[in-house]
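Since the structure comes first, as structure tokens, the remarks are kept for the end.
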Amino acid sequence: MKLLLDSTRCQGYGLCQEPAPELIDLDEWGYAKPRVTEVPPGDREAAEAAVAACPNSALRLVK
């Protein structure tokens, strides 16, 4: 699975990082910066929680 960010939709709330700090960093303004594109199998649940936490659907998981 790949974690993709649509930066035009990200509003800098930082909510996606809370469930997945090992996958997502925030820049100095609070905008998401995924650390990886390929999600390790053990982190899939955290990635799904990060996607669900984003109020603007800026994150998504794809095969």
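Throughout, read-outs are computed from the coordinates displayed, never taken from laboratory work. Here the structure is a predicted model, which is why all the values come from computation and not from measurement. Glycine also receives a Cβ, built like all others from the backbone with ideal geometry; neighbour counts cover every protein chain displayed.
Couple of notes before you dig in:
- Tabulated pairs, region 9-23, first without any contact (Cβ under 8 Å) to a residue 24 or more places away in the chain, second surrounded by fewer than 16 Cβ atoms within 10 Å (Cβ to Cβ) and part of a loop (DSSP other than H, G, I, E, B), C-beta under 6 angstrom, 6+ apart or interchain: 12/29; 12/30; 14/30
- Residue list for region 23-36, restricted to those being surrounded by 12 or more Cβ atoms within 10 Å (Cβ to Cβ) and either of a type in the set (Phe, Trp, Tyr) or more than 10 Å from the chain's Cα centre (by Cα) (or both): 30, 31
- Candidate set from region 37-63 (those that are in a helix (DSSP H, G or I) and of a type outside the set (Gly, Ala, Ser)); member that is surrounded by the fewest Cβ atoms within 10 Å (Cβ to Cβ): 41
- Residues of region 4-19 include at least one that is outside any loop (DSSP other than H, G, I, E, B) and on the phi < 0 side of the Ramachandran plot.
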